[in-house]
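One structure below.
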Amino acid sequence: MTYLLGEANAEEIRLVDEWLAANPENGNYYNQLKQVWEKSKLIAASSSVDTNAAWNRFQARTQVHKAKSRNSLFLRVAATVIFVIGAALLGIYLNDQYGNTPQMAVSTIEKTLIDTLPDGSVVTLNKKSSISYPKKFKGNTRKIQLKGEAFFNVSPDKTKPFVIDVKDIQVEVVGTSFNIRENKESTSVIVETGIVKVTKAGNTITLTAGEMMEIIDSGKIINKSKSSDKLYNYYRSKQFVCEDTPLWKLVQVLNEAYGSEIVITRSELKDLKINTTFNDASLDEILSVIHETFLITVTKKDNRILLQ
């Protein structure tokens, strides 16, 4: 080891040189050792192994004393090779499992976007949303961060849960599909398939397919309920599916989807129920159906659309 470090004394240098000259095979062993030693230095940042101290412990356990014979020197070199290879492999493993890895960031502004994560999970981002995640999932979880709204179709892996951090809330799944939406006031989760665990401030609620929940930023957790809302999926399906949907809810989604400002001017109109599906329709086409269905007057004024 001191020979590789350039710290050997004259006697140690002479012994190594004699050993190298004695047999060409010894030179091969030395070159392999040198290559492993050089590679192990590259992962020094990931491994805090003290090779000299470890060698001393190895000597103490095996009661190896300094030998002058070529055979003893060969055993020492061979043992060092084994140790350095082990240290190098350990460092590589630890770095691969727990070391730092580059972060990926994906964001949208005015369009939806589909992104495939390192584990094969597929994420559909609504506009004005973003996610960040490591280039490679390491450790015992697959963790990402979300801002805005996204639909997740998670690849199953029971040994490595999929965890989403959104605000101060944690959503954990193994393999399922669900929608998460966060805004300034609240965060909602709607489950399509599988099981989802939602945790905030130590409180965990489990959701199954067809269930939803909403968490208000003030800390109140609204109990889970059956999800009758089909509109949440509009940005992914390009459809507005209304099933006994109150008019105020449809207007809310239309404003978000089209960047419009539709205002219901009469309170008695807000809870009118609508049952229809708009397939890739324009805003004007949808407003026309609303007008004909409820005999509501639609007026455009100062960049606003008034329903009255």
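Answer yes if at least one residue in the stretch 225-237 is in a strand (DSSP E or B) and under 25 Å from N179 (Cβ atoms), and no otherwise.
yes
If I filter the stretch 245-263 for residues that are among the charged types (D, E, K, R) and within 27 Å of S155 (Cα to Cα), do I get at least one hit?
No, the stretch 245-263 contains no residue that is among the charged types (D, E, K, R) and within 27 Å of S155 (Cα to Cα).
How do the pairs read when you match residues in the stretch 151-169 that are assigned by TED's automatic domain parsing to the domain that holds E185 and under 21 Å from N233 (Cβ atoms) with residues anywhere that are of a type outside the set (D, E) and not in a strand (DSSP E or B), using Cβ under 6 Å and keeping only pairs 6 or more apart or on different chains?
F151/R236; V154/S121; V154/G175; V154/T176; S155/G120; S155/S121; F162/V154
Test each condition in (1) basic (K, R); (2) in a strand (DSSP E or B); (3) under 22 Å from L125 (Cβ atoms) for K184 and report the one that comes out false.
(2)
Residue-wise test of (1) loosely packed, with under 11 Cβ neighbours inside 10 Å; (2) under 34 Å from the mean Cα position of the chain (by Cα); (3) not small (G, A, S).
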{"site": "K224", "(1), (2), (3)": "no, yes, yes"}
{"site": "R236", "(1), (2), (3)": "no, yes, yes"}
{"site": "V253", "(1), (2), (3)": "no, yes, yes"}
{"site": "S267", "(1), (2), (3)": "yes, no, no"}
{"site": "K270", "(1), (2), (3)": "no, no, yes"}
{"site": "I290", "(1), (2), (3)": "no, no, yes"}
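Restricting to the stretch 264-297, name every residue that is in contact (Cβ under 8 Å) with a residue 40 or more places away in the chain, out of contact with any helix residue (DSSP H, G or I) (no Cβ under 8 Å at 6 or more places or on another chain) and either over 17 Å from T112 (Cβ atoms) or of a type in the set (S, T, N, Q) (or both).
Of everything in the stretch 264-297, those that are in contact (Cβ under 8 Å) with a residue 40 or more places away in the chain, out of contact with any helix residue (DSSP H, G or I) (no Cβ under 8 Å at 6 or more places or on another chain) and either over 17 Å from T112 (Cβ atoms) or of a type in the set (S, T, N, Q) (or both) turn out to be T265, R266, N279.
The values are calculated or read from the model by the stated rules, or taken from the named source; none is laboratory data. Not measured: the values here are computed from a predicted model. Here the Cβ is made from the backbone with ideal geometry for all residues, glycine too, and neighbour counts use every protein chain on show.
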